[in-house]
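Data block below; observations after.
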Amino acid sequence: MDPCTPKYPGAMMRDLLSQQRGRINQASKAQVLQFIADSKSNIQNLQSQIIMLSGLLRNERAVCAALQHLNAPIRTLPVELLAEIFLFMLRDGESGARDVKKNLCISDTYRVSHVCSEWRQIALATPKLWTAPIQLTCSPEHSRLGKVLRALFARSAPFPYQYLSQATSLELQSTSQY
């Protein structure tokens, strides 16, 4: 598409035509062609500047988002307090124990450890977060259960890990302590 193709409202185009008529009245055909070439060159330069400025704008927006993230009030809390908040989140009401029936340990512990890299480091460095009893349902659909249990045992070390397992294919329930 020709960069000189008009995309302007009628009144604006009339004003532009009026301005340029005065410019080319005494000009030769070669001069008018040079005006057009100069105008097209200016358009290309402006488009290059727009592309460059768009990149700078994207970068500056990313810098602003990063600064806002770093300035979030939760980032001012000490690591130890965040770890306690994580542990408190997993406790059940008045008793202070986790509710095994709601399967809170697996889903909520994993959820908190996947918010951001800082929270993941805190969660992985807090063994108690990974130690409360949980209920595991063993069935053919849970083929990754062994891998999950090994990860939980490693993360809960040096604390003992208790779990309640239920094998659906064998209709068997048992309580074990690792």
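Points to keep in mind about this one:
- Residue among A83, A132 that is surrounded by 14 or more Cβ atoms within 10 Å (Cβ to Cβ), modelled with pLDDT under 70 and among the small types (G, A, S): A132
- Filtered residue count, segment 21-73, keeping only those that are assigned to a helix (DSSP H, G or I) and either of a type in the set (S, T, N, Q) or touching a residue at least 12 places away in the same chain (Cβ under 8 Å) (or both): 18
- Filter result (of a type in the set (A, V, I, L, M) and either out of contact with any Asp or Glu (no Cβ under 8 Å at 6 or more places or on another chain) or modelled with pLDDT of 90 or more (or both)) within segment 98-123: V100, I106, V112, V115, I122, A123
- Residue check for F153: outside any strand (DSSP E or B), modelled with pLDDT of 65 or more and under 20 Å from I74 (Cβ atoms): no
The values are calculated or read from the model by the stated rules, or taken from the named source; none is laboratory data. Values in this document were obtained by computation on a predicted structure and should not be read as measured data. Note that we place each Cβ from the backbone using ideal geometry, even for glycine, and neighbour counts take in every protein chain shown.
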